[in-house]
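Asker: Supplied in structure tokens, the structure appears directly below.
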2 protein chains.
Amino acid sequence: MKQNAFYAQSGGVTAVINASACGVIETARKHGNRIGKVYAGRNGIIGALTEDMIDTSKESTRAIAGLRQTPGGAFGSARYKLRGLDENRAEYERLIDVFRAHNIGYFFYNGGGDSMDTAHKVSQIGRKLKFPVTCIGVPKTVDNDLPVTDVCPGFGSVAKYVAVSTKEAALDVASMAKTSTKVFILEVMGRHAGWIAAAAALAGTTPAEAPHIILFPEVPFNKRKFLKRVKECVSKYDYCVIVVSEGARYANGNFLADMGTTDAFGHAQLGGVAPAIASIVRDGLGYKFHYAIADYLQRSARHIASRVDVEQAYAVGKKAVEFALAGKNSVMPIIVRNSDKPYRWSIGEVGLSRVANREKMMPKRFIRGDGFGVTAACRRYLEPLIRGEDYPPYRNGVPNYTTLKSVPVAPRLTTKFVLK
Amino acid sequence: MKQNAFYAQSGGVTAVINASACGVIETARKHGNRIGKVYAGRNGIIGALTEDMIDTSKESTRAIAGLRQTPGGAFGSARYKLRGLDENRAEYERLIDVFRAHNIGYFFYNGGGDSMDTAHKVSQIGRKLKFPVTCIGVPKTVDNDLPVTDVCPGFGSVAKYVAVSTKEAALDVASMAKTSTKVFILEVMGRHAGWIAAAAALAGTTPAEAPHIILFPEVPFNKRKFLKRVKECVSKYDYCVIVVSEGARYANGNFLADMGTTDAFGHAQLGGVAPAIASIVRDGLGYKFHYAIADYLQRSARHIASRVDVEQAYAVGKKAVEFALAGKNSVMPIIVRNSDKPYRWSIGEVGLSRVANREKMMPKRFIRGDGFGVTAACRRYLEPLIRGEDYPPYRNGVPNYTTLKSVPVAPRLTTKFVLK
């Protein structure tokens, strides 16, 4: 019996998460004999809980193809984590009720470690409730902190944005350093893992080139060592470009930018490490500084997406559907690196239980001995991931991103679900 | 008698100031029968004062051509303003001494209003000291605040960057608004004139599309009206994207982001209007917010430069040399708009005294009645300026920007000049 599929986006969106959606939907359409319609959750998993789904079969071939080139989450995403089965069984049962009502036999969940945990649990509960659902994860994080996979779709594009922006800003600072700004600080994302900050290293290849200092969450911040290094750079190169991860912290674990509040997942909410670093530079050395905070710009910058990243994001979406059709369950497609030079990759698989709720830190061997830069091994790892451009089409000077019709699926349940 | 030329960059650099340098040098090379070598000031006018010049004749044709695609100031720029003739005659006389020693008969000064004032004075003092120098200004500001010219090279590219970034970040915010950030703030440059902030309007075409609120320096900030508008947007659209000019200020003239310090030109130094706005939103409405500070990224983003801007930047450089060869003096090429649709432009001229030390504000008719957006007339003005892409070449995933050899010109004066 032909069943429908449910697709949802979860957590912070990326420049290429819609490319994964495109891969899922286009591939499901190709297998119309086995998969019915693809319903997308409006605002992620919340759309399933509240029976608020979008019927993607109403979208044109062209609109779906356009997703490949459109940043953000086309159906809406959500920071909404389903708690443990014991704590909140009702939510999982509700999901199965909705899936049963709409004959949904496939669940494609596009997100990070938290979402893989949810997908895994949905697969378990479906079986228990006698409505088995094939649950396939589709990896996505800008943070590159999912384990097992060589890289996580979304990361390559933010990495490229950060490398390009660092290179460009450094040319600006260098040309003005004689009489103006000597220290430039770029704040980038990365709560626990320094992958994004590390990518800035690709802006240059020699010690004289920016970034001169990278501050990782993995390396405890040492003010004295840091100021010494800034001073050295300004003496040698006339200026100093610093790229700092939002998760940079002191040896006692306190974030440099602690705001004292937490988000829905219980993660500390951060902001303002750049001004914190700027104050340290001003008070310690008196140099004129400037800082930029890339914030959402970095993870939505589809205009400068990595071609490799776009291809991988599409490929994991496509493969997720192929896994489901091959009878696999509770797995996630991963990127496998076959060689560095030339860069060759293929798609492998991993069980969801192995990636759920686990974070991949930067390995020690990727961080330079002094803690302020990356090693050659790290550079070898990062370089292929930002390779190639994949420009979106433009109209009137701005990218012509796709807007969907987003036709809702008619609800079939009489009960309403109230979000906690 | 064939004379050499001196070219210098001044003030904040842009994504396309080197395209103007390219226009000057390539055109001078074409007229090698009348212009000798082009010397460039290292770090702008300081290079002339200290007799620290770069011999551009040592650069290959290919390197000079590469300048067209390279952001920042290839020879170094400076925030160094020559004071009035009465206050500091010595500096002007020194300039003429250096020009005389190196047989420099042409002075091409690439900068904003302050620089046009300097160029104008150099032309006057040269005549008095019996060493007449042909002084031609080459317009450059990201702020678009030079008068007479329809647009200032540098502005179109920052405008495109801001429009594209606003559009992309808005897609991100829109997809997460249900459970996460509801208010996103992008801080952009523009000390006194709101042109850059206005350009964000090109991100969308309907009231539902971002930016929902633009805060201009020209419109006194009214907290009550502002918060009311933010609340309306969140109610109607689920989220609110705000683009704020660094120069936004209260009715009493105080900047929202006053840091209490000034730069070499005596301008107030600003920073942090985005967090100021964020605090106002949090305290007044309690919405979750995020903010980005584009800072130098916006004016160095050659990777997303406007093709029209690149062409105009090159054209004013080229025309500056042609003006000099036509016997004109103390003038600046300007962009003249011949029609909006289709967009047609040509190069005109203006006397330096007419542009020196004058700022062009946004006209009242370009700002919407409620003060939070732009009018149709403004949109008609802005739209052509961000038209077209002009991608730089890439190598290993990052733009392959040109680095010059920067061979110094041997000094000929025995006296050293000490900068004050």
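Any read-out appearing in this document is the output of simple, stated calculations on the displayed coordinates, not a laboratory observation. All figures in this text were calculated on a predicted structure; none of them were measured in a lab. Reconstructed Cβ throughout: ideal geometry from the backbone, glycine too, with neighbour counts over all protein chains shown.
Asker: Among DSSP bridges having both ends in segment B:155-302, what percentage is antiparallel? Round to the nearest 5.
Answerer: Counting only bridges with both partners in segment B:155-302, antiparallel ones make up about 20 percent.
Asker: Next question, about the same structure. Just the isolated ones, please: cysteines in chain A lacking another cysteine beta carbon under 4.7 angstrom.
Answerer: Cysteines lacking a close Cβ partner in chain A: A:CYS22, A:CYS135, A:CYS152, A:CYS378.
Asker: How large is ³J(HN,Hα), in whole Hz, for each residue of segment B:41-51 in order, when computed from phi with the Karplus curve 6.51 cos²θ - 1.76 cosθ + 1.60 and θ = phi - 60°, using x for Gly and Pro?
Answerer: x, 6, 6, x, 5, 4, x, 6, 4, 9, 6
Asker: Name the chain A residue nearest the rotation axis between A and B, going by Cβ position, and give the distance in whole Å.
Answerer: Closest Cβ on chain A to the axis mapping it onto B, in Å: A:ILE293, 2.
Asker: Let me ask something else. Which value, in debye to the nearest 20, gives the size of the charge dipole of segment B:325-374 about its Cα centre, when Lys and Arg are +1 and Asp and Glu are -1 at the Cβ?
Answerer: Dipole about the Cα centre, nearest 20: 120 debye.
Asker: Convert 25 °C to kelvin, take the viscosity as 0.890 mPa s, use the Kirkwood radius over C-alpha pairs of segment A:155-302 as Rh, and evaluate the Stokes-Einstein diffusion coefficient in µm²/s, rounded to a whole number.
Answerer: Taking Rh from Cα pairs, D becomes 161 µm²/s.
Asker: Given a 10 angstrom Cα cut-off, can you work out which residue in A:ASP145, A:ASP86, A:ASP172 is the most mobile in a GNM of chain A?
Answerer: Looking only at A:ASP145, A:ASP86, A:ASP172, the biggest GNM fluctuation is shown by A:ASP86.
Asker: Also, quick follow-up: Report, as an integer, the average count of C-beta atoms from other chains found within 10 Å of each Cβ along B:397-403.
Answerer: Whole-number average of other-chain Cβ neighbours for B:397-403 is 6.
Asker: Oh, and also: In nm, one decimal, shortest first: how far is the label point of B:SER279 (7 Å from Cα along Cα to beta carbon) from the matching points in the other copies?
Answerer: 1.1
Asker: Taking a label point 7 Å from Cα toward Cβ, how far is B:LEU413 from its twins in the other copies, in nm, shortest first?
Answerer: 8.2
Asker: I'd like the distance separating the alpha-carbon centroids of segment B:151-216 and segment A:244-259, in whole Å.
Answerer: So the separation of the two Cα centres works out to 29 Å.
Asker: Taking 7 Å along the Cα-to-C-beta vector as the label spot, tell me the A:LYS223-B:ASN396 distance in nanometres, rounded to one decimal.
Answerer: 3.7 nm
Asker: Let me ask another. Modelling each spin label as a point 7 Å along the Cα-to-Cβ direction, I'd like the B:ASN88/B:LEU419 distance in nm, to one decimal.
Answerer: 1.0 nm
Asker: Identify, among B:SER77, B:ASN88, A:ALA193, the residue whose Cα sits farthest towards the positive end of the charge dipole of the protein assembly as shown, taking +1 on the Cβ of Lys and Arg and -1 on the Cβ of Asp and Glu, with the dipole about the Cα centre.
Answerer: B:SER77
Asker: Using only DSSP helix segments of four residues or longer, with each worth -39500 (n - 2.57), what per-residue ellipticity at 222 nm results for chain B after dividing by its residue count and rounding to 500?
Answerer: Helix-only estimate at 222 nm: -10500 deg cm²/dmol.
Asker: Three principal axis extents, largest first, for the C-alpha atoms of the protein assembly as shown, in Å?
Answerer: Here the Cα extents, ordered largest to smallest, are 99, 58, 46 Å.
Asker: Positive end of the charge dipole of segment B:155-302 (Lys, Arg +1 and Asp, Glu -1 on Cβ, about the Cα centre): tell me which of B:VAL173, B:GLY272, B:ALA163 has its Cα farthest that way.
Answerer: Result: B:VAL173, furthest along the dipole toward the positive end.
Asker: Let me ask you something else. Hey, for B:LYS223 with labels 7 Å out along Cα-Cβ, what do the inter-copy distances come to in nm, ordered shortest first?
Answerer: For B:LYS223, the other copies' label points sit at 3.2 nm, shortest first.
Asker: Just to be sure I understand the model, the point goes 7 Å from the Cα along the line to the Cβ. What's the resulting B:ARG127 to A:GLU232 distance in nm?
Answerer: 5.6 nm
Asker: Nearest 5 percent is fine: what portion of the DSSP beta bridges confined to chain B is antiparallel?
Answerer: Around 40 percent of the beta bridges assigned by DSSP in chain B are antiparallel ones.
Asker: Oh, and also: Just to be sure I understand the rule: take each whole DSSP H helix in chain B, project its Cα atoms onto its long axis, keep it if the span is 24 Å or more and its mean Kyte-Doolittle hydropathy is at least 0.5. Which ones pass?
Answerer: Length and hydropathy pass: B:155-176.
Asker: Taking the Cα centre of segment A:155-302 as origin, sum charge times position over the Cβ atoms of Lys and Arg (+1) and Asp and Glu (-1), and report the length of that vector in debye to the nearest 20.
Answerer: Its charge dipole is roughly 400 debye.
Asker: Okay, moving on. Would you please name the GluC sites (Glu not before Pro) within segment B:54-136 that are DSSP coil residues with at most 14 other C-beta atoms within 10 Å of their C-beta?
Answerer: B:GLU87
Asker: For segment B:380-420, which chymotrypsin sites (Phe, Trp or Tyr not before Pro) are both in a DSSP coil and crowded by at most 13 other Cβ atoms within 10 Å?
Answerer: Within segment B:380-420, no chymotrypsin sites (Phe, Trp or Tyr not before Pro) qualify (loop, at most 13 other Cβ atoms within 10 Å).
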